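Here is the structure we will look at, set down as structure tokens.
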Amino acid sequence: MHRNRTIKVVLLSVVALGVVQLVFSRAQTPKRMWTPNKIPAHATFVGSQACAECHGDKVKSQAHTLMGQALEPVATSGILTKHPKLSFRTGPYSYEIVRKGDQSFYTVTDGKETITLPILYAFGLGFAGQTYVLQGSGVFLESRLSFYNDILGLDTTIGQARDVPTSLDDAVGRVMSKDETLQCFGCHTTGTVKGGKLDYQNLVPGIGCEACHGPGGEHIELGKKGEPNAHKIFNPGKLSGDDLSQEFCASCHRSVEDVTALPRLGGMNNVRFQPYRIFNSKCYSDDRRISCIACHDVHQPMKDEAAAYDAKCAACHTAKAAEPAATRLCKVESKNCTSCHMPKIELPGAHFKFTDHRIRIVKPGEPFPL
Ligand code: HEC
Ligand code: HEC
Ligand code: HEC
Ligand code: HEC
Ligand code: HEC
Ligand code: HEC
Ligand code: HEC
């Protein structure tokens with residue numbers, strides 16, 4: 001499987017897509033896969049609260065994860081409420097984000113002309129920061145500036161030009177194409193993009209239960225009657241390790257295939273794409289002990305102390321003879337494995353250090369391995 005995927009990636013980058021894909025998918029065992037951000041038009045969702053009756057603990061804890069809050073309505077945005085006036089200046093342009101009641105307004109002026117737009121949604125609650133989607137005339141715009149936790153203030157959005165804007169329009173932000181708008185909302189909301197259309201009126205912010213498990217209506221009906229119901233809901237935990245990491249979580253976190261298609265592999269920015277990074281680690285295989293869910297319970301806030309992950313490494317890096325593939329033990333240290341082998345890497349302009357999922361021996365002074 002591991003090897004198959006390598007072949008697929010290499011071939012995909014040089015040969016015409018269709019033919020190779022066909023050959024490859026025939027070699028794969030058929031699987032039932034719910035793809036979180038490719039939701040069919042007919043899917044109907046009941047909402048996370050409907051799961052609470054029987055899975056109460058998960059509903060409570062998942063709401064506090066970053067994924068659960070991957071998009072915030074402006075009215076309840078913690079950052080925008082806590083910082084009622086944010087400002088920034090670049091060249092001749094002055095910016096302000098100002099709170100008025102439960103709305104926030106994004107203003108740019110060059111001293112002569114002024115553009116003020118309402119903020120529609122706040123994307124990301126994350127460690128790194130928050131980007132704003134603005135309502136232009138008939139289009140959505142991605143704000144040129146984002147809020148960063150590290151500086152408790154505004155700076156240029158990752159991926160946008162860092163030099164002085166060339167015009168007032170340019171200073172506001174970037175017009176999002178229709179496709180990009182669908183993708184943004186597809187990865188940061190639940191069931192809002194269905195059959196390739198954005199159902200803006202019924203937007204459900206953040207990644208809820210059904211984003212990952214698919215529609216839950218039938219499952220609940222059977223459950224209430226006390227009938228077997230597990231087969232009526234998708235459980236990603238039943239996927240193979242590699243499918244889970246490279247297909248399922250990667251549908252939003254970006255797979256080897258996604259990154260291979262980027263110019264220069266996305267440059268240093270690919271440190272954010274964990275499925276890609278871990279794929280290139282010697283530890284990686286189809287083994288479920290190295291899949292995303294071996295280390296992350298997505299129903300709980302992420303653990304941030306290195307010691308919490310030691311047992312995950314020890315699952316393979318053990319002196320037990322039953323584990324011949326990875327009996328190599330560390331001669332340097334017996335705890336806090338990730339602190340050295342999964343280094344935190346500062347992405348220029350992101351005001352944040354991402355955790356490099358390419359588990360490896362880090363050589364002092366080595367360049368970032370793309
Ligand atoms: C009326 C009770 C009830 C409600 C409401 C309910 N479930 Fe369940 N769920 C169950 C039961 C019972 C099982 C089977 C548990 C078992 O066999 O251990 C289950 C199992 C599951 C499983 C595991 C399936 C598998 O393949 O093992 C998932 C995933 C799941 N539920 C998700 C959800 C989601 C998401 C919602 C809300 C959309 C939800 N459930 C609402 C009762 C419920
Ligand atoms: C529908 C899209 C989507 C899917 C599917 C998805 N993620 Fe995420 N994930 C996100 C987004 C968006 C964020 C960033 C949220 C933020 O910072 O505001 C995120 C953040 C995270 C975080 C940061 C910490 C936290 O508490 O949320 C972890 C860990 C994570 N994802 C793991 C996973 C794993 C493991 C899977 C697969 C089981 C997965 N994700 C599937 C969209 C997704
Ligand atoms: C293919 C899925 C995908 C698309 C499309 C996408 N995101 Fe994300 N986004 C993610 C994931 C996964 C993360 C968490 C990993 C990370 O922090 O980079 C994330 C993180 C973020 C963060 C940082 C949160 C933090 O960790 O502090 C912001 C802000 C953000 N996205 C905004 C946007 C905006 C705005 C768009 C559209 C212009 C967009 N995203 C499009 C998946 C996506
Ligand atoms: C980011 C994707 C994601 C989200 C969001 C998510 N789950 Fe899950 N869920 C998973 C994965 C992956 C597994 C398999 C975990 C495993 O086998 O270790 C799982 C397993 C489960 C199970 C069965 C295994 C168990 O631990 O009992 C239930 C029940 C469940 N989820 C309910 C929910 C409910 C309820 C919500 C919403 C509050 C939810 N999930 C949100 C990805 C997700
Ligand atoms: C061997 C353990 C391990 C595996 C497997 C793993 N992670 Fe992580 N992940 C970590 C650790 C450790 C951190 C950093 C925790 C901290 O210090 O805050 C982390 C952090 C993250 C973050 C937060 C952003 C960052 O850069 O710190 C995201 C998102 C994430 N992981 C997603 C994933 C996804 C998706 C997969 C599957 C491709 C995955 N992880 C597999 C250990 C793991
Ligand atoms: C699924 C089993 C598995 C897990 C879990 C796992 N590894 Fe590995 N690891 C391996 C295998 C297999 C190799 C390659 C063995 C070899 O090259 O002889 C390896 C190699 C390594 C290497 C040497 C890399 C090099 O460049 O030579 C380091 C360092 C390492 N692992 C650290 C870790 C750490 C730290 C963790 C936990 C965060 C971890 N591993 C989790 C299986 C695993
Ligand atoms: C203080 C930093 C540090 C910590 C913490 C650490 N290591 Fe290492 N590890 C290293 C260095 C440096 C090397 C390379 C040693 C050499 O080549 O002489 C290494 C080598 C390794 C190797 C390759 C061994 C070989 O024979 O080639 C493995 C596997 C490994 N570490 C796993 C782990 C695991 C698992 C943990 C946690 C129990 C861990 N490391 C904790 C720094 C660390």
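Work through the residues other than Ala50 whose Cβ is under 13 Å from its Cβ and net out their charges, Lys, Arg +1 and Asp, Glu -1.
-2
About its Cα centre, how strong a charge dipole does the chain have in debye, to the nearest 20, once Lys and Arg get +1 and Asp and Glu get -1 at the Cβ?
With Lys and Arg at +1 and Asp and Glu at -1, about 940 debye.
Counting pairs of alpha carbon atoms under 8 Å apart in space and at least six apart in sequence, what relative contact order in percent does the stretch 235-355 give?
On the way: 125 pairs, mean separation 25.0, N = 121.
So the answer I get is 21 percent.
In sequence order, what are the phi-derived ³J(HN,Hα) couplings for the stretch 301-315 according to the Karplus relation 6.51 cos²θ - 1.76 cosθ + 1.60 with θ = phi - 60°, rounded to whole Hz, with x for glycine and proline?
For the stretch 301-315, the Karplus-derived couplings read x, 5, 7, 10, 9, 4, 4, 5, 9, 4, 5, 5, 5, 5, 4 Hz, x marking Gly and Pro.
How large is the Kirkwood hydrodynamic radius of the chain, in angstrom, based on all distinct alpha carbon pairs?
22.8 Å is the Kirkwood radius here.
Give me the dipole magnitude in Debye, nearest 20, for the stretch 71-184 about the Cα centre, with unit charges on the beta carbon: positive for Lys and Arg, negative for Asp and Glu.
280
Using 0.36 nm per residue, how much length does the chain from Cys54 to Asp102 gain when fully extended, once their Cα-Cα distance is taken away? Before the final figure, lay out the partial values.
Details: separation 48, 0.36 × 48 = 17.28 nm, distance 3.40 nm.
That pair, Cys54 and Asp102, stretches by 13.9 nm at full extension.
For the stretch 326-364 and the stretch 117-182, compute the distance between their C-alpha centroids and round to whole Å.
First find each Cα centre; the distance between them is then 31 Å.
For n ≥ 4 DSSP H runs only, could you compute -39500 (n - 2.57) per run for the chain, divide by its residues and tell me the 222 nm figure to the nearest 500?
-6500 deg cm²/dmol
Compare the Cα positions of Leu154, Ala128, Ser143 along the charge dipole of the chain (+1 at Cβ of Lys, Arg; -1 at Cβ of Asp, Glu; about the Cα centre) and return the one farthest towards the positive end.
Ranked along the dipole, the leading option is Ala128.
Note down the nm distance, to one decimal, between modelled labels 7 Å out along Cα→Cβ at Thr260 and at Thr116.
Taking the two extended label points, one gets 5.1 nm.
Taking just the C-alpha trace of the stretch 71-184, give me its Rg and Dmax in Å.
13.0, 36
Within the stretch 43-131, which trypsin sites (Lys or Arg not before Pro) sit in a loop by DSSP and count at most 12 neighbouring Cβ atoms inside 10 Å?
Lys112
Fewest first, what order do Val59, Val332, Val108 take by the number of other Cβ atoms within 10 Å?
Values: Val59 19, Val332 9, Val108 25.
Ordered from fewest to most neighbouring Cβ atoms within 10 Å, Val59, Val332, Val108 come out as Val332, Val59, Val108.
List, in the order given, every pair from Lys194/Lys238; Lys331/Lys363; Lys60/Lys335; Lys303/Lys344; Lys38/Lys197 whose Cα-Cα distance in the structure shown is over 21 Å.
Too far apart for the 21 Å limit: Lys194/Lys238; Lys60/Lys335.
Any idea which of Cys187, Ala261, Asn280 is furthest toward the positive side of the dipole for the chain, if Lys and Arg beta-carbons carry +1 and Asp and Glu beta-carbons -1?
Asn280
Counting residues in the stretch 235-355 as N, plug N into 2.2 N^0.38 Å and put the Cα Rg over that result.
Against the empirical 2.2 N^0.38 Å value, I get 1.11 for the stretch 235-355.
In the stretch 47-131, what GluC sites (Glu not before Pro) fall in a loop by DSSP, with at most 15 other Cβ atoms inside 10 Å?
Glu113
With a cut-off of 8 Å between alpha carbons and a minimum separation of six or more residues, what is the relative contact order of the chain in percent? Walk me through the numbers before you get to the answer.
Working: 590 pairs, mean separation 60.5, N = 370.
This gives 16 percent for the chain.
Just to check, using Stokes-Einstein with a Kirkwood Rh over alpha carbon pairs, what's the diffusion coefficient of the stretch 197-252 at 20 °C and 1.002 mPa s in µm²/s?
162
Counting Lys +1, Arg +1, Asp -1, Glu -1, what net charge surrounds Lys85 among other residues with beta carbon under 9 Å of its beta carbon? List each step's numbers first, then the result.
Numbers: positive: Arg99; negative: Glu96.
With Lys, Arg at +1 and Asp, Glu at -1, the neighbours total 0.
Classify the stretch 151-202 as rounded, prolate or oblate from the Cα gyration tensor: take a ≥ b ≥ c as the square roots of its eigenvalues, call it rounded if a/c is under 1.5, otherwise prolate when a/b beats b/c and oblate if not.
prolate
Can you tell me how much longer the chain between Lys225 and Gln183 gets when fully stretched, taken as 0.36 nm per residue apart minus their C-alpha distance, in nm with one decimal?
Separation in residues times 0.36 nm, less the Cα-Cα distance, equals 11.4 nm.
If you take every residue apart from Thr65 with its C-beta less than 14 Å away from the C-beta of Thr65, what net charge results, scoring Lys and Arg +1 and Asp and Glu -1?
Neighbourhood net charge equals -1.
Values quoted throughout were computed directly from the atomic coordinates according to the rules given, and no laboratory measurement underlies them. Being a predicted model, the structure only gives us computed values, none of them experimental. Glycine also receives a Cβ, built like all others from the backbone with ideal geometry; neighbour counts cover every protein chain displayed.
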